[in-house]
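My structure is below; once you've seen it, I'll send some questions.
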Amino acid sequence: MLEVTSLHKRYGELVAVREVSFAVQPGEMVGLLGPNGAGKTTTVSMIAGLLEPDGGEVRIEGASVRGETDPVKRRMGLVPQELALHDELSARENLVLFGSLYSIKGAALRRAMDEAFEIAGLTDRAGDRVATFSGGMKRRLNLAAALLHSPTILLLDEPTVGVDPQSRNAIFSNLESLKAQGKTLVYTTHYMEEAERLCDRVVIVDHGNVIASGTLDEVRRLVPAANVLEIEVENPGVDGWCGALREMDGVDSAEPAGLTLRVTVRDLARHSPDVLGWLRDHGYRCSHISSERADLETVFLALTGRSVRNQ
Amino acid sequence: MNFTAFTALIRRDLRLFFMDRRAVTMSFAAPILIASFFGYLFGGVSGNTEASKIKVVIVDEDGGDVSRAVLSALQADQALDVNALALDEARERVRTGKTAVAIVLPKGFAESSARALFRRDQQRPEVPVLFDPSHSAEMQMVRGILTQHVMEAVTSRSMSQASIDDALRDLDGTTGLSAADKTALRNLLTEIGKWNARPQSGTTRSGFQMPYTVREEAVTAHKGTPYNSMAHSFAGMCVQFILFMGIDTGMVMLYQRRSGLWKRLRAAPLSRFVLIGSRAVSSAIIAMIIMLAVFGFARVVFGVRIEGSFAGMVGVCAAFALMTAAFGLLVSVAGKTPEATRGIAILVTLILVMLGGSWVPTFIFPQWLQNVTFAVPTRWAVDGLDAMIWRGSPFSAAVGPIAAMLGFAAAFGAVAVWRFRWEA
């Protein structure tokens, strides 16, 4: 289990991370979300021991990390945002080196490397120089290198930057497998759809502050106006035909566009029947109904007034 | 200490260095090539490499036997390449850098110089010497050689019997000399006439000659051991290119920080000593390997021997290797990015190399600058290597350079650790 309590970091006048707290259980993946410069990497760096926090505490399975050589650090694996590989060396030579950092050698190292290459899907390329790998292969090896010493906690700092869809899916599959094995995973990204796919809970940060956290549903519910009902109407009326819908209790907006009527309700389960009943009572025939939930991008937009990707 | 990680990091550094063709070329081939070139220029293996002759033009406006004798003597001199030209052409050749020095023997030179030899009341002829100001050292050398040959030619002419007879004839009518001086001079000329009239072999000439000959002896490690100028040039170039390797050490650390490798290393349970110490040790090992290879080449190809203490030589090399490693660490804290650091590091290295005497010996520096060079680690390295290789000094002569370089290594290392940006 990873516990982060009131982590704080400032550079001069700039507060990079302000009182960030969260906990991650074994078998759980928590997404640390936010735009570039939000403080995600700084937070991960403090957890990994790369940066000294100005305040707060990090506990790994109940123990604080004390000093650079604290054996507690063995329980963590870091996948840096930048590729942390020697291009000039072969994949195997890279892993031998990284295994040595944790005093793994001999048969244990060979076994760990075999598993790592299996995970990365690079068993047949183990002897090749990393410089000859594609970006996706390097990213997979970057992840595998962090798993050599079998950490219980894995810190992934934007591990899919610049990765092709095939490698991205392979990495996602690896992470889901690791989660199933009971690993504790922290995943930073500014790709909201990645967090929606992978993470059990999310912590959204902006300018060093936590602006929202919880399960995906909990976070989505922070933006109730984004519960949208899309209805295809076979016989829409003339201009202003759905004006009365807007007056209904629980309906925030109702906008027709051709045959499609887009209605925003405060609570999808409670107010959708009222909307459909009104349409039926007024003789409108519905050919298709779909609902749309707020995605994390929408949540971030609603909470900060800015898009994650336009930072 | 995690010894497994420590040795693995050293092995990695060595492997990466020897995989880098550019680094290997710069560290091994470049010092060998450049040291061979400079060694050849400064005397070669035996010290007998023929030096290039100084180009000199003689403008003989006198056209007499004395000026012709001077011209012949200068042309016969091994240090000079002499041509006779007209004044305008001589001046043009000096101006365009085709000739270092032009000497004008003016009309009446023989007559006036012969008269002025014994008579201070006589006007001495003026000999214009035109020289290229970028070759002032050669001008001084030519002036010395000219003096020798003119003295021999003029005294030969002045002390011929005909000249003695003329001088004796003119003496009574000469004004400006007291009766006693005239008597003394007459006696002298008469005695020279008797000297000229004595029976003599055909090769004996009248006049003065250089009253000595010179026997040159290069004082090296042992009597009879010729100076091998390759020894100093290899020492100097080795120092220079090993320092360049030290720069690369610092650069690699900066590049690793950028690539994310530094984060992976820092995330592991490793002490700062392991991280920075492994880098220093690998640099020192590379420096030792370079010295072994370069001096090995010098030994096999040019016969450069360690004439002094072998233990002292090993000590000087080891101290310099450690100093280079610390210098590399210092480079890694000099700037935030490799791009910002490389330029300043190269400049500093070139200054260190220049002041250390790798390019030209420090004795040609002004005295104040020579004193300054004792505060430069490369001076101690070059002096230490020179002492152990060709001066044949005992181990005691290596103690000073070793201590100085270890002092610099400690200082550089301390500053590097103090200023090192550990946080990634």
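Quick note: the coordinates plus some simple rules give every number you see, no bench work behind them. All of these numbers come straight from a predicted model, not from anything done at the bench. Quick reminder, even Gly has a Cβ in these numbers, built from the backbone with ideal geometry, and neighbours come from all protein chains shown.
Give the share of C-alpha pairs in each 10 angstrom bin for the range B:51-164, from 0 to the last occupied bin, in whole percents, shortest bins first.
15, 46, 29, 9, 1
D for the range B:303-381, whole µm²/s, Stokes-Einstein with Kirkwood Rh over alpha-carbon pairs at 20 °C and 1.002 mPa s: what number?
Using the Kirkwood radius from Cα pairs, D works out to 149 µm²/s.
Next up: Where does chain B land at 222 nm, in deg cm²/dmol rounded to the nearest 500, when only DSSP H runs of n ≥ 4 count, each adding -39500 (n - 2.57), divided by all residues?
Taking each H run of at least 4 residues, the total per residue is -21000 deg cm²/dmol.
Give me the net charge of residue B:355's neighbourhood, meaning all other residues with Cβ under 14 Å from the Cβ of residue B:355; Lys, Arg count +1, Asp, Glu -1.
Values: positive: B:379; negative: B:383.
Net charge in that neighbourhood comes out at 0.
Give, as a single signed number, the net charge of other residues whose beta carbon lies under 13 Å from the beta carbon of residue B:63, with Lys and Arg counted +1 and Asp and Glu -1. Could you put the intermediate results ahead of the total?
Numbers: positive: B:68, B:107; negative: B:60, B:61, B:62, B:65, B:111.
The answer is -3.
Here's a follow-up. Across peptide A:74-82, what mean number of C-beta atoms from other chains lies inside 10 Å of a residue's C-beta?
Values: counts 2, 1, 3, 3, 6, 4, 9, 2, 9.
Average per residue, whole number: 4.
How high is the relative contact order of the range B:1-145? Use alpha-carbon pairs under 8 Å, at least six apart in sequence, and give a whole percent.
Relative contact order for the range B:1-145 comes out at 20 percent.
For the range A:240-303, go through all pairs of different Cα atoms, get the mean of 1/r, take its inverse, and jot down that Kirkwood value in Å.
12.8 Å
Check cross-link reach from residue B:182 to the lysines: straight Cα distance under 30 Å, and skip same-chain residues fewer than eight apart.
B:107, B:194
Let me ask something else about it. From the square roots a ≥ b ≥ c of the eigenvalues of the alpha-carbon gyration tensor of chain A, which class results: rounded (a/c under 1.5), prolate (a/b over b/c), or oblate?
The shape class here is prolate.
Contact order normalised by length for the range A:137-237, with contacts defined as Cα pairs under 8 Å and 6 or more residues apart; what percent is it?
20 percent
Show that you can apply the helix-only estimate: for chain A, add -39,500 (n - 2.57) for every DSSP H stretch of four or more residues, divide by all residues, and state [θ] at 222 nm to the nearest 500. Working shown, then result.
On the way: 9 runs with 97 residues, N = 311.
Estimated from H runs of four or more residues: -9500 deg cm²/dmol.
Something else now. What does the charge count around residue B:420 come to, taking other residues whose C-beta lies under 11 Å from its C-beta (Lys +1, Arg +1, Asp -1, Glu -1)?
Numbers: positive: B:257, B:272, B:279, B:419, B:421; negative: B:423.
Overall, the nearby charge balance is +4.
Return the FRET efficiency for the residue pair residue B:369, residue B:174: r is the Cβ-Cβ distance, R0 is 45 Å, and the value is rounded to the nearest 0.05.
0.25
Another question about this same structure. Could I get the Rg over Rh figure for the protein assembly as shown? Both from C-alpha atoms, Rh via Kirkwood, rounded to two places.
For the protein assembly as shown, the value is 1.30.
Across 5 Å bins from the origin, how do the percents of Cα pairs in the range A:174-233 run, short distances first?
4, 14, 21, 22, 16, 10, 7, 4, 2, 0
Arrange the following residues from fewest to most other Cβ atoms within 10 Å of their Cβ: B:263, B:336.
Ascending number of Cβ neighbours within 10 Å: B:336, B:263.
Which whole number gives the average count of other chain Cβ atoms within 10 Å of the Cβ atoms across peptide B:2-15?
4
Right, another one. Expressed as a rounded percentage, what relative contact order does chain A have, with Cα pairs under 8 Å and six or more residues apart?
Reported as a whole number, the value is 21 percent.
Please report, in Å, the Rg and the Dmax of the range B:159-242, where both are computed over Cα atoms only.
Calculated on Cα positions, Rg and Dmax stand at 27.0, 78 Å.
Still on this structure, please answer the following. Lysine pairs, Cα distance under 26 Å, 8 or more residues apart or cross-chain: how many in chain A?
14
Give the Debye-formula value of log10 I(q)/I(0) at each listed q (0.14 Å⁻¹), with one equal scatterer per alpha carbon of chain B, two decimals each.
Here the Debye-derived log intensity ratios amount to -1.17.
Could you give me the radius of gyration and the Dmax of the range B:213-357, taking only the C-alpha atoms into account and expressing both in angstrom?
19.2, 76
Here's a follow-up. Sticking with the crude label model, points 7 Å out along Cα→Cβ, report the distance from residue B:210 to residue B:52 in nm, one decimal please.
In this crude label model, residue B:210 to residue B:52 measures out at 2.4 nm.
If N is the number of residues in the range A:64-222, what value comes out of its Cα radius of gyration divided by 2.2 N^0.38 Å?
1.09
In what sequence do A:176, A:193, A:93 fall when counting other Cβ within 10 Å, fewest first?
A:193, A:176, A:93
Counting only residues 5 or more places away or on other chains, whose amide H sits under 5 Å from the amide H of residue B:390 once H atoms are built in the peptide plane?
B:307
When A:98, B:3, B:244 are ordered from fewest to most other Cβ atoms inside 10 Å of their Cβ, what list results?
Listing A:98, B:3, B:244 from fewest to most nearby Cβ atoms yields B:3, B:244, A:98.
Okay, next question. Using only the Cα atoms of the range B:371-424, build the gyration tensor, take square roots of its eigenvalues as a ≥ b ≥ c, and label the shape rounded, prolate or oblate: rounded if a/c is under 1.5, else prolate if a/b is larger than b/c, else oblate.
Prolate, because a/c is 1.5 or more and a/b exceeds b/c.
Please report, in Å, the Rg and the Dmax of the range A:173-311, where both are computed over Cα atoms only.
Using the Cα atoms of the range A:173-311, the pair Rg, Dmax is 18.8, 58 Å.
Oh, and also: Along its principal axes, what span do the Cα atoms of the range A:38-128 show, with the longest given first and each in whole Å?
Each principal axis gives a Cα extent; for the range A:38-128 these are 46, 30, 20 Å.
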